[in-house]
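Student: Just passing along the structure, written as structure tokens.
All of the numbers you see were taken from the coordinates with simple rules; none came from a lab. Please read all numbers here as calculations on a predicted model, not as lab measurements. All Cβ positions, even for glycine, are placed from backbone atoms using ideal geometry, and neighbour counts span all protein chains on display.
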Amino acid sequence: MKPLVIYAHPKTNGHCSTILGEVKKYFKSHKIKYDLIDLYAEKYDALLHEKEHYTAGGYSVSKRNKEIQKMILATDKLIFIYPVWWGSMPAVLKGFIDRVFVGRFAFKFRGKIPVGLLKGKKALVFLTTGSASWIYKLIMSNRAVKLIKNDILGFCGVKAKVCQIGGCTKLTDAQKIKIQKVVPLRLRSFLK
Ligand SMILES: Cc1cc2nc3c(=O)[nH]c(=O)nc-3n(C[C@H](O)[C@H](O)[C@H](O)COP(=O)(O)O)c2cc1C
């Protein structure tokens, strides 16, 4: 099964693009085929449309989102790469989750109990924060990590591991070296 990489960054030369570059390099050197959804590059429409508003009874899914849902069903490994913006994620990724990880596809309710429908899949999430990792954990209560790991992917039944890279302000050589070390290590254990 081909891993599916979901990338949400406006492509400036920085930490996330370095992570994506390392992920591509790893796949190339290990001859692993993968799919990539680059949300900014494809100008993904992040607005949940009226007919897609499933809590109001709209279960319509656009052609592109159906294709993406098929890609998700066809893999057991999801890789997300994005920066933390305002304790969360870039708006384009939030909109992607709103429109793709919808009721009846990613979860359902049995009575009042939510049931994740994407059980059996796992995810590796690369998050970058401007704050140092320890400050992010202690002072910001690790919000963005909990959001993606528990509230979003966990809710849908996906087991996620989060690799947070902190102190991402200006991309320095030291940060590049850290990313070049961390990414292959995390991928190796994720892809086992
Ligand atoms: C709109 C915006 C909001 C941000 N919000 C946060 C935040 O809530 N917490 C934090 O630690 N860093 C925050 N940052 C810093 C980014 O996380 C940081 O610039 C990014 O991880 C660096 O990755 P890049 O070089 O790939 O852009 C924010 C940056 C921007 C542009």
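Student: Can you report the principal axis dimensions of the range 127-192 using only the alpha carbons, biggest first, rounded to whole angstrom?
Tutor: Reported extents, whole Å, longest axis first: 38, 33, 15.
Student: I would also like to ask the following. Can you give the angle from 0 to 90° between the axis of helix 63-73 and the longest principal axis of the chain, with both taken from C-alpha atoms, to the nearest 10?
Tutor: With rounding to tens, the tilt is 70 degrees.
Student: Just to be sure I understand: with springs between alpha-carbon atoms less than 10 Å apart, which residue in Asn13, Asn142, Asn150 has the highest mean-square fluctuation in the Gaussian network model of the chain?
Tutor: Highest fluctuation of the listed residues: Asn13.
Student: Now, a different point. Rounded to whole Hz and in sequence order, give me ³J(HN,Hα) for the range 18-31 from the Karplus expression 6.51 cos²θ - 1.76 cosθ + 1.60, θ = phi - 60°, writing x for Gly and Pro.
Tutor: Residue by residue, the range 18-31 yields 5, 4, 4, x, 5, 5, 4, 4, 4, 5, 5, 5, 9, 6 Hz.
Student: Let me ask something else about it. Who wins for biggest fluctuation among Gly120, Gly14, Gly157 in a Gaussian network model of the chain, springs between alpha carbons below 10 Å?
Tutor: Maximum among the listed residues: Gly120.
Student: Per q in 0.14, 0.34 1/Å, what log10 I(q)/I(0) does a Debye calculation on the alpha-carbon atoms of the range 87-126 return?
Tutor: -0.41, -1.06
Student: Considering amide H positions built from the backbone, and no H for Pro or chain starts, which residues 5 or more places from Phe80, or on another chain, come under 5 Å of its amide H?
Tutor: Those lying under 5 Å, H to H, from Phe80 are Ile6, Leu124, Val125, Phe126.
Student: Report P(r) for the range 37-118: all Cα-Cα distances, bin width 10 Å, range 0 to the bin holding the largest distance, values in whole percent.
Tutor: Result returned by the calculation: 15, 47, 34, 3, 0.
Student: Continuing with the same structure: For the range 63-107, state the semi-axes of the equivalent ellipsoid (square roots of 5 times the eigenvalues of the alpha-carbon gyration tensor), sorted largest first and rounded to whole angstrom.
Tutor: Numbers: eigenvalues 84, 32, 18 Å².
The equivalent ellipsoid of the range 63-107 has semi-axes of 21, 13, 9 Å.
Student: Sort Arg104, Arg99 by Cβ crowding within 10 Å, fewest neighbours at the top.
Tutor: Working: Arg104 10, Arg99 21.
Least to most surrounded, the residues fall as Arg104, Arg99.
Student: Can I ask one more? Calculate, for His30 and Thr172, the FRET efficiency according to 1/(1 + (r/R0)^6) with r their C-beta to C-beta distance and R0 35 Å; round to the nearest 0.05.
Tutor: Details: r = 28 Å, r/R0 = 0.79.
E(calc), rounded to 0.05, equals 0.80.
Student: Right, here's the next one. Please arrange Thr75, Thr128 by counting, for each residue, the other beta carbons lying within 10 Å of its beta carbon, fewest first.
Tutor: Details: Thr75 17, Thr128 24.
In increasing order of surrounding Cβ atoms, one gets Thr75, Thr128.
Student: Let me ask you something else. In whole Å, what are the Cα extents of the range 39-192 along the three principal axes, biggest one first?
Tutor: 49, 31, 31
Student: Helix 91-100: angle to the longest alpha-carbon principal axis of the chain, degrees 0 to 90, nearest 10?
Tutor: 40
Student: What list of ³J(HN,Hα) values in whole Hz, one per residue of the range 33-44 in order, does the Karplus curve 6.51 cos²θ - 1.76 cosθ + 1.60 (θ = phi - 60°) give from phi, with Gly and Pro shown as x?
Tutor: My calculation for the range 33-44 gives 7, 8, 10, 10, 10, 9, 5, 5, 4, 8, 6, 4 Hz in order.
Student: Taking springs between alpha-carbon atoms closer than 10 angstrom, which of His49, His15, His30 fluctuates most in the Gaussian network model of the chain?
Tutor: His30
Student: What percent antiparallel are the DSSP beta bridges of the chain, to the nearest 5? Kindly include the intermediate steps, with their values, before the conclusion.
Tutor: Numbers: 4 of 27 bridges.
Bridges in the chain are about 15 percent antiparallel.
Student: For the range 77-162, state the average projected area of the convex hull of the C-alpha atoms over all orientations, rounded to one decimal in nm². Mind showing how you got there, number by number?
Tutor: Values: hull surface 23.4 nm².
Seen from a random direction, the Cα hull of the range 77-162 projects 5.8 nm² on average.
Student: Also, I was wondering about something else. Using helices alone, what [θ] at 222 nm do you get for the chain, with -39,500 (n - 2.57) per DSSP H run of 4 or more residues, divided over all residues and rounded to the nearest 500?
Tutor: Details: 6 runs with 65 residues, N = 192.
Here the helix-only value at 222 nm equals -10000 deg cm²/dmol.
Student: Starting from one equal scatterer on each C-alpha and no solvent at all, send me the Debye-based log10 I(q)/I(0) for the range 31-78 at q = 0.18 Å⁻¹, two decimals.
Tutor: The Cα Debye sum returns log10 ratios of -0.71.
Student: Here are some pairs, Lys28/Lys66; Lys63/Lys108; Lys137/Lys192; which of them have Cα atoms lying more than 26 Å apart in this structure? Walk me through the numbers before you get to the answer.
Tutor: On the way: Lys28/Lys66 28 Å; Lys63/Lys108 22 Å; Lys137/Lys192 28 Å.
As for pairs spanning more than 26 Å Cα to Cα, those are Lys28/Lys66; Lys137/Lys192.
Student: Working from Cα positions, state the angle (0 to 90°, nearest 10) between the long axis of helix 173-191 and the longest principal axis of the chain.
Tutor: Taking Cα atoms only, the helix is inclined about 50 degrees.
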